[in-house]
Amino acid sequence: MIKLRCKKFFRSNSKVASNNAAGTVAATATGLGGDAKLSGEIKWELRPGGMLVQKRESVEKDGESIITLRVSTVTQWHDISIQATSSFGELKMILAMVTGLEPKEQRLLYRGKEREDYEYLHMVGVKDKDKVLLFEDPAIKERKLLNLAATNGRVQVIGSTYHTICV
């Protein structure tokens, strides 16, 4: 066990200082000795370079890694549950099942910026209950409308033959 002196930088009593009246904190380093048994002990971690750092405590609990997003289209909205570490491409796959739009036809906006498929939700800053806007790609939408109109016979598609006009 390594014993370190605790220095007070503020006036209020901390949880660690209240458990140990002498002002010392017992610490365990992973690989150097057992688990922390007292609530006032700080867990330490030995990094590969030999640096001894305080071990991070996991803030994620069993159900906290799943977030709920409100995806809004022009006329409707959907509540989608997805892992926080997913990418926008994975979100598009889920939205394809819900909306019927293919992932390549979708445009996702978060905080006013269009997000790419490779960007991760947690890296961009998406939190639980945030709103994401879903738009259909205008070029693909126009192409669909032209194909639909051409199949119905309303629009005559111009052929690829060119005529030369001489003046």
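The values are calculated or read from the model by the stated rules, or taken from the named source; none is laboratory data. All values derive from a computational prediction rather than experimental measurement. No Cβ is skipped: glycine too gets one built from the backbone with ideal geometry, and neighbour counts run over all protein chains shown.
Things worth noting here:
- For segment 79-134, the tally of residues that are over 18 Å from ILE66 (Cβ atoms), out of contact with any Asp or Glu (no Cβ under 9 Å at 6 or more places or on another chain) and assigned to a strand (DSSP E or B) stands at 5.
- Among the candidates ALA27, ALA21, the residue that is surrounded by 12 or more Cβ atoms within 10 Å (Cβ to Cβ) and at pLDDT below 85 is uniquely ALA27.
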